[in-house]
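Single-structure report; data block below.
The values are calculated or read from the model by the stated rules, or taken from the named source; none is laboratory data. Keep in mind that this is a model prediction, so the values were computed, not measured. All Cβ positions, even for glycine, are placed from backbone atoms using ideal geometry, and neighbour counts span all protein chains on display. With ligands, DNA and RNA removed, areas are computed over all heavy atoms of the protein, side chains included. Shrake-Rupley method; radii C 1.70, N 1.55, O 1.52, S 1.80 Å.
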Amino acid sequence: AETGIDEALNKIYQFESGVDDILDIGLILNDPNNQVSIATSQTFEGYLNQGESLQIDLNNAAGNVVIKWSKTTCGPTHKVGLLLTFLHLSGTEYQSYYYLVAANNCLYNSAQNFIVATETSTDEFKYAYTLNLPASNDSSLYIQAVGAGADIQVSGGSGLIAEAQYLIESRAKSENDISNKTIEVKKSLPSAPGFMSFALFSGGTITK
């Protein structure tokens, strides 16, 4: 089963690095003792470390992206928000729009101009924000955790999200059918690091 996961991850890597033009979706290995499949998902759920950037590829459609995060409520030693970057092609140039989102009890200071998130006590995730996006060409949404890492869930209206993550499943059984094992792995899309993003919420001055 572990070997099947490695095979699927290698195929995804070959596709993402441009070695292969097409990624096989569906069963990539099917024999009596091992089945391995790759699927793509229009939703994302996983953990986002601080400093990492999560990429969500969008279709050319308008709609709402719902982002929920953090299973732990903010407190004196735990403050977490999100930096959202909407990137799209306008004419021959790319344009970026930034949204710094946090709940009231997660603010570092008022001068940083956070957009206030929704707080909930009934959902598994403690904070949520709905981002309304216009129809646009070649667009993606990038998400970074600010202050601390956080569990995160991303979903969108019908047809809005093209790809959010890969889902890999590997099922294996012994030849005598005594033991069986299934492993499931989720993998986010590749994303370039947002090395300048800290300047947007650090409170400092950007000098050209």
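Sort out which residues of the range 17-76 are surrounded by fewer than 13 Cβ atoms within 10 Å (Cβ to Cβ), closer than 19 Å to Leu167 by Cβ and of a type in the set (A, V, I, L, M, F, W, C), and write them in order of number.
Ile22, Ile25, Leu27, Ala39 - these are the residues of the range 17-76 that are surrounded by fewer than 13 Cβ atoms within 10 Å (Cβ to Cβ), closer than 19 Å to Leu167 by Cβ and of a type in the set (A, V, I, L, M, F, W, C).
Name the pairs: first residue in the range 112-127 and over 19 Å from Thr85 (Cα atoms), second residue of a type in the set (Lys, Arg), Cβ to Cβ under 7 Å, at least 6 apart or on different chains?
Every condition considered, the pairs that remain are Glu119/Lys126; Thr120/Lys126; Asp123/Lys68; Glu124/Lys71; Phe125/Lys68; Phe125/Lys71; Lys126/Lys71.
Could you go through the range 161-180 and let me know if any residue there is among the aromatic types (Phe, Trp, Tyr), over 17 Å from Leu87 (Cα atoms) and at pLDDT 85 or above.
Residues of the range 161-180 that are among the aromatic types (Phe, Trp, Tyr), as a first pass: 166.
Keeping just the survivors that are over 17 Å from Leu87 (Cα atoms) gives 166.
Remaining after also requiring at pLDDT 85 or above: 166.
The answer is yes, given that some residue of the range 161-180 is among the aromatic types (Phe, Trp, Tyr), over 17 Å from Leu87 (Cα atoms) and at pLDDT 85 or above.
Within the range 82-123, which residues are at pLDDT 85 or above and among the aromatic types (Phe, Trp, Tyr)?
Phe86, Tyr94, Tyr97, Tyr98, Tyr99
I want to confirm something. Restricting to the range 36-53 and keeping residues that are more than 24 Å from Gly159 (Cβ to Cβ) and not in a strand (DSSP E or B), which single residue is farthest from the chain's Cα centre (by Cα)?
Gly51
Looking at the range 147-178 only, could you name the residues that are open to solvent by less than 20 Å² (accessible area, probe 1.4 Å) and touching a Phe, Trp or Tyr at 6+ places or on another chain (Cβ under 6 Å)?
Ala150, Ile152, Val154, Ala164, Gln165 - these are the residues of the range 147-178 that are open to solvent by less than 20 Å² (accessible area, probe 1.4 Å) and touching a Phe, Trp or Tyr at 6+ places or on another chain (Cβ under 6 Å).
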